[in-house]
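Report on one structure; see the data block that follows.
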């Protein structure tokens with residue numbers, strides 16, 4: 001797929017630098033523009049897939065972004081030296097798709113342009129033709145059981161097995177970290193969606209999601225990239241104090257369910273939505289559990305985690321009255337030396353165990369430190385086989 005771009009900046013040296021970077025990755029620059037007023041005409045004349053727009057234009061670029069993005073086959077990437085939250089929010093509202101910090105993350109510019117080109121070639125609204133996506137909530141009432149690891153690798157496994165995209169939503173609002181599991185940097189987060197003036201739609205969600213590494217890694221393994229879905233991440237707030245803007249007193253609209261609308265919009269455009277929830281029953285997580293088609297309840301075989309899991313099952317089944325077949329119980333970090341069998345765990349909880357993952361610290365920690373899911377780094381390991389088995393059940397659910 002040939003990709004052409006237009007670079008808009010008053011800085012001639014920056015235009016040259018960006019042109020050279022793109023050229024090294026086989027991406028052409030069809031036109032350079034210094035005067036922002038010339039950008040719409042330039043786009044009409046060369047029909048690029050991507051416009052690379054210098055943030056130095058400031059607020060004056062918002063109207064131009066709105067004008068050029070009326071063409072659904074064109075997307076805008078903002079280039080800047082530092083992240084300005086107000087500028088980013090305005091650019092997103094105007095229709096920009098991504099924000100690249102030129103100095104610190106210029107190496108991902110080519111990847112951002114290619115991803116954008118694929119997106120505009122097959123817009124999110126077209127991906128919704130098969131109906132709403134399948135929503136999976138990965139939940140636990142105790143930290144440290146591997147919930148984030150399960151959610152991240154499940155999203156990657158779903159994308160690999162189905163060949164379709166999977167959104168990974170980080171609802172651990174205070175201390176979420178799914179982006180690090182993919183070595184990704186998120187220029188925007190769920191907080192930015194909650195600060196928008198307009199409605200939260202699938203098109204808006206699409207602009208905020210950041211891609212993980214799965215497609216590029218799959219290609220290096222000799223796979224056909226066209227058959228590999230992407231994992232696209234909605235990051236948690238960058239600071240714990242910002243969680244209140246999503247679910248708390250700092251919300252712009254006190255009684256508005258931001259999370260409910262965000263999950264519904266994500267499911268409109270993404271075939272799979274995996275939610276890494278927080279370890280509690282706050283409103284945010286209850287909304288996620290209500291909207292989930294499948295709830296993966298994660299526990300470990302230690303007594304404290306199992307006690308918490310028993311209480312959690314009581315709430316899910318008795319108080320919330322969820323159907324038992326919506327819940328998949330996954331026991332993580334199984335080790336024969338623990339002295340308790342899976343049969344004993346199942347009898348004690350009075351609930352069947354659907355999946356189990358072995359205690360493989362070396363594989364799991366090494367992959368996490370590399371910023372890559374272990375279903376990619378160690379696909380033949382027992383722990384990866386366990387996640388792939390879970391993904392197969394989710395696909396057929």
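The values are calculated or read from the model by the stated rules, or taken from the named source; none is laboratory data. A quick note: this is a predicted structure, and the numbers were derived from the prediction, not measured. Note: ideal-geometry Cβ built from the backbone for every residue, glycine included; neighbour counts use all protein chains shown.
A few points about this structure:
- For the stretch 134-186, the set of residues classified as surrounded by fewer than 22 Cβ atoms within 10 Å (Cβ to Cβ), touching a strand residue (DSSP E or B) at 6+ places or on another chain (Cβ under 6 Å) and modelled with pLDDT under 90 consists of 184, 186, listed by residue number.
- The stretch 6-16, residues that are in contact (Cβ under 8 Å) with a residue 60 or more places away in the chain and either more than 20 Å from residue 44 (Cα to Cα) or not assigned by TED's automatic domain parsing to the domain that holds residue 64 (or both): 14
- Number of residues in the stretch 167-184 that are assigned to a loop (DSSP other than H, G, I, E, B) and touching a helix residue (DSSP H, G or I) at 6+ places or on another chain (Cβ under 6 Å) equals 3.
- Of all residues in the stretch 342-364, those satisfying the criterion of being closer than 23 Å to residue 306 by Cα, in contact with a helix residue (DSSP H, G or I) (Cβ under 9 Å, 6 or more places away or on another chain) and in a helix (DSSP H, G or I) are 345, 348, 349, 364.
- Of the set (1) in contact (Cβ under 8 Å) with a residue 60 or more places away in the chain; (2) not in a strand (DSSP E or B), all apply to residue 72 but (1).
- Qualifying residue in the stretch 39-55 (condition: in contact (Cβ under 8 Å) with a residue 12 or more places away in the chain, exposed (fewer than 15 other Cβ atoms within 10 Å of the Cβ) and in contact with a helix residue (DSSP H, G or I) (Cβ under 8 Å, 6 or more places away or on another chain)): no
- Those residues of the stretch 261-315 which are assigned to a loop (DSSP other than H, G, I, E, B) and more than 20 Å from the chain's Cα centre (by Cα), in sequence order: 280, 281, 282, 300, 301, 302
- Yes/no for residue 14 being in contact with a helix residue (DSSP H, G or I) (Cβ under 9 Å, 6 or more places away or on another chain), modelled with pLDDT of 90 or more and surrounded by fewer than 18 Cβ atoms within 10 Å (Cβ to Cβ): yes
- Restricting the stretch 17-38 to residues that are in a helix (DSSP H, G or I) and in contact with a strand residue (DSSP E or B) (Cβ under 7 Å, 6 or more places away or on another chain), the residue that is surrounded by the most Cβ atoms within 10 Å (Cβ to Cβ): 18
- Each residue in the stretch 266-286 was checked for being surrounded by 22 or more Cβ atoms within 10 Å (Cβ to Cβ) and in contact with a helix residue (DSSP H, G or I) (Cβ under 6 Å, 6 or more places away or on another chain), and 10 of them qualify.
- Residue pairs whose Cβ atoms lie under 7 Å apart, separated by 6 or more positions or on different chains, with the first residue in the stretch 365-390 and in the same structural domain as residue 149 (by TED's automatic domain parsing) and in a helix (DSSP H, G or I) and the second at pLDDT below 90 and loosely packed, with under 15 Cβ neighbours inside 10 Å, are 377/370.
- The lone exception for residue 243 - which of (1) touching a residue at least 40 places away in the same chain (Cβ under 8 Å); (2) surrounded by fewer than 15 Cβ atoms within 10 Å (Cβ to Cβ); (3) within 27 Å of residue 187 (Cβ to Cβ) it fails: (2)
- Considering residues of the stretch 43-59 that are assigned to a helix (DSSP H, G or I) and over 20 Å from residue 187 (Cβ atoms) only, the residue farthest from the chain's Cα centre (by Cα): 45
- Residue match in the stretch 316-335 (condition: without any contact (Cβ under 8 Å) to a residue 24 or more places away in the chain, in contact with a helix residue (DSSP H, G or I) (Cβ under 9 Å, 6 or more places away or on another chain) and assigned to a loop (DSSP other than H, G, I, E, B)): yes
- Check on residue 345, modelled with pLDDT of 90 or more, closer than 20 Å to residue 297 by Cβ, in the same structural domain as residue 185 (by TED's automatic domain parsing) and surrounded by 15 or more Cβ atoms within 10 Å (Cβ to Cβ): yes
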